[in-house]
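Worksheet for the structure shown next.
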Amino acid sequence: MPFAWQRYVEETLRRRKAEGLTQKDHSALAGVSHPTMAAFERGETTLTLAKALDILRVVGLMSLSKVTRKPASCAMHSSAGAI
């Protein structure tokens, strides 16, 4: 069964408006830029999964803890050297 992206977008928009949030409010709560929020609401699929999940989380459509990112300088090493 295909992922119903547009349904998530529509439900997110419905919930945002029902909660009285502006796009700017929602983007601030999700930790994404206003242009990213606008792109999400247009149904664009170029967002990273982490950003999309953060947007969904604000309106209760996702309950996972915030995705954490490791710093780029963090490297894994084995006894033979860097992997």
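Given 0.36 nm per residue, what is the gain on full extension from residue 19 to residue 7 after removing their alpha carbon distance, in nm? Don't skip to the end; give the middle numbers.
Values: separation 12, 0.36 × 12 = 4.32 nm, distance 1.81 nm.
That works out to 2.5 nm of additional length.
If amide hydrogens are placed 1.01 Å from N in the peptide plane, which non-local residues have theirs closer than 5 Å to the one on residue 31?
none
Two-decimal Rg/Rh of segment 5-58 from alpha-carbon positions, Kirkwood Rh?
Across segment 5-58, the Cα-based Rg/Rh ratio is 0.90.
May I ask you to compute the full-extension gain from residue 53 to residue 34, defined as 0.36 nm times their residue separation minus their alpha-carbon distance, rounded to one decimal in nm?
Difference between extended and current length: 5.3 nm.
So how do 28-39, 7-18 stack up, highest first, on mean other-Cβ count within 10 Å? Walk me through the numbers on the way to the answer.
On the way: 28-39: 16.5, 7-18: 15.0.
Highest mean packing first, the order is 28-39, 7-18.
Would you kindly derive the ³J(HN,Hα) couplings of segment 46-59 from the backbone phi angles with the Karplus curve 6.51 cos²θ - 1.76 cosθ + 1.60 (θ = phi - 60°), listing them in order in whole Hz, with x for Gly and Pro?
8, 6, 6, 4, 4, 5, 4, 5, 4, 5, 5, 4, 4, 9
Read the figures in this text as sums done on the coordinates, not as results from a lab. The structure presented is a predicted model; accordingly, all values stated were derived computationally and were not measured. Counting neighbours? That spans all protein chains shown, and the Cβs are built from the backbone with ideal geometry, glycine included.
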